[in-house]
Amino acid sequence: MLNLIQADLFKLRKSKAIKILLGITTVSALVMAMMAYLIPQGKIEASMTGMGFMFSDINIISILGGFIAGVFICGDFDNKTIHDAIANGCSRGAVIVSKATLLGFALALILLPYAIITGIALSTGSEFSMGSVAIGFLNLLTSEGGTAFSASEVWKMLAVMLTLIIVYVAQLSICVPLAFTLKKPIFVVVIYYGFSLFTAQLMRLSDSSPVFERIFSFTPYGGKYTFITLDTGTGDMVKAIAVSLIFMIVMLAVTYSAFRKSEIK
């Protein structure tokens with residue numbers, strides 16, 4: 001299994017697709033931060049918040065996350081890489097873990113520009129705003145902008161960013177069973193993006209229903225896990241990480257259950 005993971009990570013480093021996606025998220029993060037800076041300055045109209053949200057991490061990752069799963073998992077069905085691995089004695093469980101690890105690293109990599117640019121923007125002490133549409137790194141940027149940070153707060157900021165990345169990876173882990181089952185990139189992209197819109201509506205439902213909110217908090221899509229800031233307690237951050245890790249394990253188990261007896265064509 002370690003050899004499979006090493007081979008997949010090597011392929012990730014050499015991939016032109018991941019470099020292009022990294023460029024896209026870097027530009028998107030810059031545009032997001034710039035618009036969040038200009039809106040409170042009055043240099044662009046507040047009505048532009050919708051456009052600014054289009055470049056936010058939650059929106060971009062909802063599109064690119066499914067694309068990554070399609071390219072690196074479904075693509076390996078098309079080029080027979082997965083077939084060859086299993087034919088050469090690798091277990092299906094090892095293949096699943098390897099592809100899930102690859103997806104996790106790829107997602108963390110394309111989210112890195114958002115973390116870095118958010119950190120740099122906050123270090124300026126400027127005010128940032130994007131209205132009421134802020135989620136994830138954008139929420140962190142708009143919530144903490146305009147304040148100075150102590151050394152201890154810098155470390156907590158890094159912990160907050162790491163937690164957000166883990167939550168995002170957990171949310172996208174549902175693409176693993178989708179990719180192994182459907183084997184078609186376009187289906188994975190479309191279904192996950194539609195699913196992300198659906199979970200956004202469920203988040204609104206959880207705001208009005210305490211019972212549903214409690215149930216929804218057992219998934220990385222609920223529990224306000226994408227609204228973590230410096231004011232979030234350590235216990236809540238640990239819970240976010242724990243829920244995310246458990247959800248990823250469940251997705252791996254679902255994938256294995258579906259894939260272990262399926263015919264590979």
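The values are calculated or read from the model by the stated rules, or taken from the named source; none is laboratory data. Keep in mind it's a predicted model, so treat the numbers as computed, not measured. A quick note on method: Cβ atoms are made from the backbone with ideal geometry, for glycine too, and the neighbour counts reach across all protein chains shown. Protein only, heavy atoms only, side chains kept; ligands, DNA and RNA dropped before computing areas. Shrake-Rupley method; radii C 1.70, N 1.55, O 1.52, S 1.80 Å.
Output wanted: per-residue J couplings in Hz (rounded whole) for the range 73-88, from phi through Karplus 6.51 cos²θ - 1.76 cosθ + 1.60, θ = phi - 60°, x for Gly and Pro.
Working through the residues one at a time gives 10, 4, x, 6, 6, 5, 8, 6, 4, 5, 4, 5, 4, 5, 5, 8 Hz.
Could you give the size of the charge dipole of the range 1-261 about its Cα centre, using +1 on the Cβ of each K and R and -1 on the Cβ of each D and E, expressed in debye and rounded to the nearest 20?
About 980 debye.
Compute, for M34, the solvent-accessible surface of its heavy atoms (probe 1.4 Å) with the complete set of protein chains present, and express it in square angstrom to the nearest 10.
110 Å²
So if I take the centroid of the Cα atoms in the range 244-258 and the same for the range 37-102, what is the distance between those two points in Å?
17 Å
Tell me the trypsin sites (Lys or Arg not before Pro) within the range 27-116 that lie in a loop according to DSSP and have at most 15 other beta-carbon atoms within 10 Å.
K43, K80
What residue among G66, Y37, N88 has its Cα farthest toward the positive end of the dipole of the chain, where the charges are +1 on Lys, Arg and -1 on Asp, Glu, each on the Cβ?
The listed residue farthest towards the positive side: N88.
Take a quick pass over the range 40-190 and tell me how many lysine pairs come in under 16 angstrom between Cα atoms, counting only ones 8 or more apart or on separate chains.
Taking the Cα cut-off of 16 Å, the pair count is 5.
Once you have the Kirkwood Rh of the range 119-177 from its Cα pairs, apply Stokes-Einstein at 25 °C and 0.890 mPa s and quote D in µm²/s.
Working: Rh = 12.6 Å.
D, rounded to a whole number, is 194 µm²/s.
How much of L182 can a 1.4 Å solvent probe reach, expressed as accessible area in Å² and rounded to 10?
Answer for L182: close to 60 Å² accessible.
At 1.4 Å probe size, put D8, D231, D207 in order of accessible surface, largest to smallest.
D231, D207, D8
Please report, as a whole percent, how much of the solvent-accessible surface of the chain comes from carbon and sulfur atoms (probe radius 1.4 Å). All intermediate terms of the calculation are to be shown ahead of the outcome.
Numbers: 8790 of 12970 Å².
In the chain, the share of accessible area belonging to carbon and sulfur is 68 percent.
Report the normalised scattering of the chain as log10 I(q)/I(0) at q = 0.07, 0.17 Å⁻¹, calculated by the Debye formula with identical scatterers on the alpha carbons.
-0.26, -1.34
Per residue, how much accessible surface does the range 35-86 expose to a 1.4 Å probe? Answer in Å², no decimals.
Ligands and nucleic acids excluded, the result is 42 Å² per residue.
Near the amide H of G223, under 5 Å away, which other amide H atoms are found, from residues 5 or more places off or on another chain, if H is placed in the peptide plane?
Answer set, sorted by chain and number: S217.
Using the alpha-carbon centroid of each, what span in Å lies between the range 195-213 and the range 1-33?
Using only Cα atoms to place each centre, the spacing works out to 31 Å.
Give the cross-link partners of K224 among the aspartates and glutamates, using a straight C-alpha distance below 13 Å as the criterion and excluding same-chain residues fewer than 8 apart.
Those aspartates and glutamates meeting the cut-off are D207, E213, D236.
What net charge do the residues around A36 carry, taking every other residue with its C-beta under 14 Å from that of A36, with Lys and Arg at +1 and Asp and Glu at -1?
Its environment carries a net charge of -3.
Please name whichever of F218, A253, I110 sits farthest to the positive end of the charge dipole of the chain, dipole taken about the Cα centre and charges placed at Cβ: Lys and Arg +1, Asp and Glu -1.
Of the candidates, A253 comes out farthest on the positive side.
When ligands, DNA and RNA are left out and all protein chains stay put, how many square angstrom of accessible area per residue does the range 198-254 have with a 1.4 Å probe?
Normalised by residue count, the accessible surface of the range 198-254 is 58 Å².
Which is the longest stretch in the chain that no exposed loop site breaks, taking sites as GluC sites (Glu not before Pro) with a DSSP loop state and at most 10 other Cβ atoms within 10 Å?
46-262
Leaving ligands and nucleic acids out of the surface, order S209, S28 by accessible area at 1.4 Å, largest first.
So, going from the largest accessible area down, we get S209, S28.
Quick test of the membrane-span-like rule: which DSSP H helices of the chain reach at least 24 Å along their long axis (C-alpha atoms) with mean Kyte hydropathy at least 0.0?
Values: long enough: 16-41 (38 Å, 1.45); 92-123 (46 Å, 1.74); 151-172 (32 Å, 1.62); 185-208 (35 Å, 1.08); 234-259 (37 Å, 1.70).
TM-like helix candidates: 16-41, 92-123, 151-172, 185-208, 234-259.
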